[in-house]
Amino acid sequence: MEEIFRYQHLEQARNAAIAWLEAKGAHFSLNHNVEIGRLGTFEGAEVGVSPRSKPFWRLRIDDDPAKGPHYNAEFGEGPSRKKAAFCFPASAETMARLASRRARR
């Protein structure tokens, strides 16, 4: 089951998502894969990162009708995988601006 957390600002949600992953054992470094969005506003944009080595984790920005703007965080694989959404308020215009700044390089 996915945990859902709500924050007042994008930065708070992002920092909480990073802290959640680090508490589970994720290590952030320059050696990572770039995640590319597949749907909606973020289609084709760089939306997040995942490691090139174990343990598997992923952090990406998303916007969907059920949760609205949020960061998705995942740690682990298979049935033991943990997921959390770190939601924040943002307008459609703000999300479009964020997506345009993340255009695929």
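The values are calculated or read from the model by the stated rules, or taken from the named source; none is laboratory data. Because the structure is a prediction, the values reported are computed rather than measured. Here the Cβ is made from the backbone with ideal geometry for all residues, glycine too, and neighbour counts use every protein chain on show.
Worth pointing out:
- Residues that are hydroxyl-bearing (Ser, Thr, Tyr) and under 15 Å from His70 (Cβ atoms) were ranked within segment 1-54; the one that is modelled with the lowest pLDDT is Thr41.
- The one condition in (1) touching a Phe, Trp or Tyr at 6+ places or on another chain (Cβ under 7 Å); (2) free of Cβ contacts under 8 Å to residues at least 24 places away in the same chain; (3) of a type outside the set (Asp, Glu) that Phe75 fails to fulfil: (2)
- The residue that is nearest to Gly78 (Cα to Cα), counting only those in segment 2-13 that are surrounded by 18 or more Cβ atoms within 10 Å (Cβ to Cβ) and either of a type in the set (A, V, I, L, M) or within 11 Å of the chain's Cα centre (by Cα) (or both), is Ala13.
- For segment 41-73, the candidate set comprises residues that are β-branched (Val, Ile, Thr) and surrounded by 20 or more Cβ atoms within 10 Å (Cβ to Cβ); within that set, the residue that is nearest to Ala23 (Cα to Cα) is Ile61.
- Scan of segment 60-86 for residues that are hydrophobic (A, V, I, L, M, F, W, C) and either closer than 15 Å to Val47 by Cα or assigned to a loop (DSSP other than H, G, I, E, B) (or both), ordered by number: Ile61, Ala66, Ala73, Ala85, Phe86
- Taking (1) outside any loop (DSSP other than H, G, I, E, B); (2) without any contact (Cβ under 8 Å) to a residue 40 or more places away in the chain; (3) in contact with a helix residue (DSSP H, G or I) (Cβ under 8 Å, 6 or more places away or on another chain) in turn, Met95 satisfies each apart from (2).
- Residues in segment 17-40 that are buried (at least 17 other Cβ atoms within 10 Å of the Cβ) and touching a residue at least 60 places away in the same chain (Cβ under 8 Å): Ala17, Trp20, Gly37.
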